1. Under 18 Å from the Cα of LYS180, which aspartates and glutamates turn up, not counting those fewer than eight places away in the same chain?
2. What are the ³J(HN,Hα) values, in whole Hz, obtained from phi via the Karplus relation 6.51 cos²θ - 1.76 cosθ + 1.60 with θ = phi - 60°, for each residue of segment 80-89 in sequence order, with x given for Gly and Pro?
3. Residue-wise, which Karplus ³J(HN,Hα) couplings in Hz belong to segment 159-166, taking 6.51 cos²θ - 1.76 cosθ + 1.60, θ = phi - 60°, and x for glycine or proline?
4. With every protein chain left in place and a probe of 1.4 Å, what is the accessible surface of LYS180, to the nearest 10 Å²?
5. What shape does segment 27-104 take by its C-alpha gyration tensor, where a ≥ b ≥ c are the square roots of the eigenvalues and a/c under 1.5 counts as rounded, a/b above b/c as prolate, and the rest as oblate?
6. Sorted by packing (mean other beta-carbon atoms within 10 Å per residue), highest first, where do 156-165, 60-69 land?
7. Roll a 1.4 angstrom probe over the protein heavy atoms and tell me the percent of accessible area of the chain that is carbon or sulfur.
8. To the nearest 0.05, what FRET efficiency results for GLN50 and ILE175 with a Förster distance of 41 Å applied to their C-beta separation?
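The values are calculated or read from the model by the stated rules, or taken from the named source; none is laboratory data. Fair warning: this is a prediction, and the values are worked out from it, not measured in the lab. Cβ sites come from the backbone with ideal geometry, for glycine too, and all protein chains shown count toward neighbours. To get the accessible areas, we keep the full protein, side chains included, count just its heavy atoms, and leave off ligands, DNA and RNA. Shrake-Rupley method; radii C 1.70, N 1.55, O 1.52, S 1.80 Å.
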Amino acid sequence: MDFYKVLAYTGQPENFLDTLAGSIQEILQEKADITTSDALYQQMKAPLTQIARVVALMRLLTFFTGTMIVSLLLCMWMRSRQKEMAVLISMGEQKHIISFTGSFGSSLSYFLLLWFFACGFGTLTASWLQNLLFSSVETGASLEVSLQLTDVALLLGIGSGVVVIAVLLSLLPVIRANPKDILSRMEG
């Protein structure tokens, strides 16, 4: 039995292409010439790498935008609580403990509530999203859209970072201000 051409494919050409070619060369020895090409893989890899970079950039921009929006909302909320904090500080309470504990506790409770809601909503809508994305395309590949534990942990980590940074940014005016100045501003 003679073969004119034999094709072999590997799932990870950047790691196993040379190893696969060497193994086939050992089997066939001098009976065949082995050539390798990962041109199709490189053509497919370039756009996917670019998409991954765009997604990472969007994640970073979302983090900064979210931090700024939450910080602005917390700043507006802190302005309404300045008098309460100034009174407690003038009574001898420590400035950083009053401001950070109260605002961080309430912000963290809101965040955890919304985190549970987001995870539940994501789990419920995963199958709907899968049907929406692949309803018009018939592919032989099977794909399952689901919320993974790493995604939940990433959401928790990034969200916690946003909350901590936003609380610290919103507390700067309160911590830097003198309680007497805050009280006199509120009265006048």
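1. LYS180 reaches GLU84, GLU93.
2. With the stated coefficients, segment 80-89 comes to 6, 9, 4, 5, 4, 5, 5, 5, 5, 5 Hz.
3. Here the 3J(HN,Hα) series is x, 5, x, 4, 5, 5, 5, 5 Hz.
4. Here the residue's solvent-accessible area equals roughly 140 Å².
5. On the way: a/c = 12.51, a/b = 4.12, b/c = 3.03.
Verdict is prolate for segment 27-104.
6. On the way: 156-165: 16.2, 60-69: 13.0.
Most protected by this proxy first, the peptides run 156-165, 60-69.
7. Values: 9500 of 14550 Å².
So the carbon and sulfur contribution to the accessible surface is 65 percent.
8. Rounded to the nearest 0.05, the efficiency is 0.40.
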